[in-house]
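Report on the following structure.
The values are calculated or read from the model by the stated rules, or taken from the named source; none is laboratory data. Just so you know, these numbers come straight off a predicted model, no measurement behind them. Counting neighbours? That spans all protein chains shown, and the Cβs are built from the backbone with ideal geometry, glycine included. The accessibility values were calculated without ligands, DNA or RNA, using every heavy atom of the protein model including side chains. Shrake-Rupley method; radii C 1.70, N 1.55, O 1.52, S 1.80 Å.
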Amino acid sequence: MDLQIHSFTARSTYSGGNALVFLTTSMFVNSFANTVDNLAQIFAVAAMAGLWLAMWWRLVHNLVTAADPWIGPLIGVGTLAVLVAAVAESPFTLLGAAVLLFTAWLPYMVVESAGQAFRVWGYRSPSPQARLLSLAAQAVVDAAALGGIAVLLVTLGGEGRIGVRLGAALTLAAPSLLARAVHRSRTQPVAATVGRQVSVCREPTATGRQHRPRR
């Protein structure tokens, strides 16, 4: 992302889309790890699910950044479907699902806000090490947020096979963390909006050229 401060709605859509899919995928992996005895199968499924989460994160990131008109309603419908399925079970299940969705949504919001601040600081700081420190700080915040959600879901999933389920949860989160770190390391911020010029990220293309600010 560039140095523009995205609206609350855009950040909420981004966070909601990631939280919804991260929760459902984590619950599936947690249940799988709790019922299957073969460790190789458990970690293979966790790794594949982690790759799916990384691809989903990049898709939501691109659609929200491009202000796609469909991504918000689709995520809203998906969230509503989860809540309707929960209320069909019981009011207590609905309350638990709502709390879990909010608990996963909030860290993504915090991470995006903190990452925005780190990116601005890294761009404006005269220190040559500022960009590396900014990237490291964002990686730490990402790991704390995603790892925290994963550990929370493992804790809520019961007491059996904690070690196996925790390892599967961390394996699930690793590809997303790696994808976010690589994307940010390849993204060079440019100046903020000036007049009608729109701030964009300079990202290397297949030809080696860089995108220029659109006017």
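For (1) in contact (Cβ under 8 Å) with a residue 24 or more places away in the chain; (2) assigned by the TED database to the domain that holds Thr171; (3) open to solvent by 30 Å² or more (accessible area, probe 1.4 Å), each residue gets a yes or a no:
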site	(1), (2), (3)
Leu101	yes, yes, no
Ala117	no, yes, yes
Tyr123	yes, yes, yes
Gln129	no, yes, yes
Ala139	yes, yes, yes
Ala143	yes, yes, yes
Ala150	yes, yes, no
Thr155	no, yes, yes
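For segment 66-99, give me each residue that is of a type in the set (Gly, Ala, Ser) and either part of a helix (DSSP H, G or I) or surrounded by 14 or more Cβ atoms within 10 Å (Cβ to Cβ) (or both).
Selection gives Gly72, Gly76, Gly78, Ala81, Ala85, Ala86, Ala88, Gly96, Ala97, Ala98.
Can you tell me which residue is surrounded by the most Cβ atoms within 10 Å (Cβ to Cβ) among those in segment 25-56 that are within 17 Å of Gly163 (Cβ to Cβ) and of a type in the set (S, T, N, Q)?
Ser26
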